[in-house]
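Remarks on the structure that follows.
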Amino acid sequence: MRKIKVLVVEDSIVFRNLLVQGLNEDPNIEVVGVAGEPFEAKDIIPQCRPDVMTLDIEMPKMNGIEFLRKLMPQYPMPVVMLSGMDDKVFDAMEAGAVDFAHKPVNMSRSTVNDFIRQELIAKIKIASSVDVKKLRRTQVLKPIRRDKLKNRNCVIAIGASTGGTEAIYDVIKQFRPDIPGVVVVQHMPAGFTEMYAARMNNQCEVVVKEARDGDVVKQGQVLIAPGGYQMRLVKNGEEYRVECKPGPKVSGHCPSVDVLFDSVAKTAGADSIGVMLTGMGGDGARGMKKMKNCGAVTIGQDEMTSVVYGMPRVAYDIGAVRYQVPLYDIADKIYNLLG
């Protein structure tokens, strides 16, 4: 396979040089260009024709988000944002970035090299496989049924990874306050999940919050698994609650969709709906199969609307998906099942 051509756009000379050195050590990656600010990057893109661009958010002359909005119509390409602890990354995802990585606070060579090897290289390789046309999100959503719900004693579990921040939002923004309790795992670093939940809470009819250990799963509320914690569904008397504990990675992730779905299968069984959205890899497929075997209804996002048709494909291939549905129809499908 030919090497993935990467353009690094970063204003810090020290960090930029470390990125170039670290990325070039991977046999499947070649840094073909570097730029210290967006105008310089725009001039060299036609010459180096990168497969993926890494882009800092805070830069001189023009920030990365504004640059991304101007860039994508002319030079659509997969972009991985590099950011400190800042909720602007979600503006970047909305503007068309594929993913983001949390820049290390300590800029020592060893720390940056660990960041490159353990996080950034994998995200660049995933981004290189993305069809950026699928990042052009549709604003035409199917009207949701307004019938009175018959099944309220139910738990809705959603899992996603690459492309999932916007896909989850597209589903949840269609939920009304009468929706049964929702639990969500989105692969995301610690700290960002709280900002992500707060952002959606300001834009949706339902309450959205980062889950805390012991939170009740209740109607009209969405609980987002905190980054760095495994979230499980448990039952306390007649109430469903979540248990959020530190733990090892499962299926390569913490939080893991498999961990959540497995607990939903054991705790809620047939009184649950499982939803698998866009993402790379196979996390959640085995857990969704357990949910289906326990009588739960399972939904997988279809290939056409998935930014990365990895997790939904694996779940479908092992027989874990009962209904395969386009992203824009998933909320309506859930309401149909509940009605």
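Sort out for me the strands (runs of 3 or more DSSP E) sitting completely within the range 218-320 that have 2 or more residues that are of a type in the set (A, V, I, L, M).
221-224, 230-236, 272-276, 297-301
Restricting attention to the range 29-50, report how many residues are part of a loop (DSSP other than H, G, I, E, B) and either in contact with a Lys or Arg (Cβ under 6 Å, 6 or more places away or on another chain) or without any contact (Cβ under 8 Å) to a residue 40 or more places away in the chain (or both).
3
Just to verify a result, which residue in the range 66-119, among those that are of a type in the set (Val, Ile, Thr), surrounded by 14 or more Cβ atoms within 10 Å (Cβ to Cβ) and more than 17 Å from GLY163 (Cβ to Cβ), is modelled with the highest pLDDT?
Here the answer is ILE116.
Answer yes or no: is there a residue in the range 240-254 that is aromatic (Phe, Trp, Tyr), in the same structural domain as GLY164 (by TED's automatic domain parsing), crowded, with 20+ Cβ neighbours inside 10 Å and in contact (Cβ under 8 Å) with a residue 40 or more places away in the chain.
Yes: one or more hits.
How many residues are in contact (Cβ under 8 Å) with a residue 60 or more places away in the chain and over 19 Å from GLY287 (Cα atoms) when one looks only at the range 218-239?
Qualifying residue count for the region: 1.
Give me the pairs, please: first residue somewhere in the range 191-209 and at positive phi, second residue anywhere and crowded, with 17+ Cβ neighbours inside 10 Å and outside any helix (DSSP H, G or I), beta-carbon distance under 7 Å, and either six or more positions apart or on two chains.
From the range 191-209, the pairs are GLY191/GLY227.
Scan the range 324-337 and give yes if some residue there is at pLDDT 95 or above and assigned to a strand (DSSP E or B), otherwise no.
Looking through the range 324-337, at least one residue is at pLDDT 95 or above and assigned to a strand (DSSP E or B).
Only residues in the range 287-309 that are basic (Lys, Arg) count as the first member; pair them with residues that are at pLDDT 95 or above and surrounded by fewer than 22 Cβ atoms within 10 Å (Cβ to Cβ), Cβ under 6 angstrom, at least 6 apart or cross-chain, and list the lot.
LYS289/ILE318; LYS290/ASP262
Within the bounds of the range 51-65, is there any residue that is closer than 22 Å to GLY164 by Cα, in a helix (DSSP H, G or I) and within 24 Å of the chain's Cα centre (by Cα)?
Yes, there is a match, as at least one residue in the range 51-65 is closer than 22 Å to GLY164 by Cα, in a helix (DSSP H, G or I) and within 24 Å of the chain's Cα centre (by Cα).
Applying the selection to the range 225-270, what residues are under 17 Å from the mean Cα position of the chain (by Cα) and of a type in the set (S, T, N, Q)?
Once the filter is applied, which keeps residues that are under 17 Å from the mean Cα position of the chain (by Cα) and of a type in the set (S, T, N, Q), the range 225-270 yields GLN230, SER251, SER256.
Of the residues ILE13, ILE44, ILE4, only one is on the phi < 0 side of the Ramachandran plot and within 27 Å of the chain's Cα centre (by Cα); which?
Of the residues listed, the single one that is on the phi < 0 side of the Ramachandran plot and within 27 Å of the chain's Cα centre (by Cα) is ILE4.
Within the range 1-34, how many residues turn out to be of a type in the set (Gly, Ala, Ser) and touching a helix residue (DSSP H, G or I) at 6+ places or on another chain (Cβ under 6 Å)?
Of the residues in that region, 2 qualify.
Scan (1) crowded, with 22+ Cβ neighbours inside 10 Å; (2) touching a Leu at 6+ places or on another chain (Cβ under 7 Å); (3) closer than 19 Å to ILE121 by Cα for the single condition VAL32 breaks and write down its number.
Here VAL32 meets the rest and fails (1).
Let's see how each residue does on (1) of a type outside the set (Ser, Thr, Tyr); (2) over 30 Å from GLN118 (Cα atoms); (3) touching a helix residue (DSSP H, G or I) at 6+ places or on another chain (Cβ under 8 Å):
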| position | (1), (2), (3) |
| --- | --- |
| ARG212 | yes, no, no |
| CYS244 | yes, no, no |
| SER251 | no, no, yes |
| CYS254 | yes, no, no |
| THR267 | no, yes, no |
| VAL275 | yes, no, yes |
| ASP283 | yes, no, yes |
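Can you find a residue that is assigned to a helix (DSSP H, G or I) and crowded, with 22+ Cβ neighbours inside 10 Å anywhere in the range 185-192?
Yes, some residue in the range 185-192 is assigned to a helix (DSSP H, G or I) and crowded, with 22+ Cβ neighbours inside 10 Å.
Would you check if THR165 is buried (at least 21 other Cβ atoms within 10 Å of the Cβ) and either part of a helix (DSSP H, G or I) or modelled with pLDDT of 95 or more (or both)?
Judged against the criteria, THR165 is a match.
The values are calculated or read from the model by the stated rules, or taken from the named source; none is laboratory data. A quick note: this is a predicted structure, and the numbers were derived from the prediction, not measured. Note: ideal-geometry Cβ built from the backbone for every residue, glycine included; neighbour counts use all protein chains shown.
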